[in-house]
Amino acid sequence: MGMAYAMGGLPGGGGQGGGFTAFIPLVLMFVVFYFLLIRPQQKKQRDLKEMLSSLKTGDQIVTSGGLYGTIIGFGEDNRIKVKIAENVKVDIARSAISSKVAAAIEAGKGKES
């Protein structure tokens with residue numbers, strides 16, 4: 001008789017859960033990933049896009065390659081003319097700019113504290 005109980009369902013008719021209850025852990029994992037990974041990345045991209053659209057002549061910038069420079073003009077095809085040293089001017093792609101110098105300095109101070 002012990003074997004019959006082992007092979008039967010749970011007492012009280014609590015057989016298998018519904019289909020929705022099986023997806024609850026997956027939904028919870030997606031919610032956690034959204035708030036910890038996806039949403040902050042989207043905010044960072046949005047802030048970078050706003051910063052790139054608000055650039056003006058005279059702004060000091062940092063490129064993704066680590067060059068510091070000052071914007072001296074805007075060219076065609078999303079090119080920006082940057083002065084990186086005395087008598088040294090280069091054209092860089094707008095997408096190569098990672099931050100403004102003032103913003104980079106403030107971010108560095110925030111990490112030190």
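The values are calculated or read from the model by the stated rules, or taken from the named source; none is laboratory data. Note that the coordinates shown come from a computational prediction; the quantities given were computed from them, not determined experimentally. Areas reflect the complete protein model, heavy atoms only, side chains present, ligands, DNA and RNA absent. Shrake-Rupley method; radii C 1.70, N 1.55, O 1.52, S 1.80 Å.
Details
- Heavy atoms of F35: accessible area, 1.4 Å probe, square angstrom to 10: 110 Å²
- Residues whose placed amide H lies under 5 Å from that of S98, excluding near-sequence neighbours: V62, T63, S64
- Under 5 Å from the amide H of D59 lie the amide H atoms of I71, each residue being 5 or more positions distant or on a separate chain, with H modelled from the backbone and absent for Pro and chain starts.
- Accessible carbon and sulfur surface of the range 18-110 relative to its total accessible area, %, 1.4 Å: 61 percent
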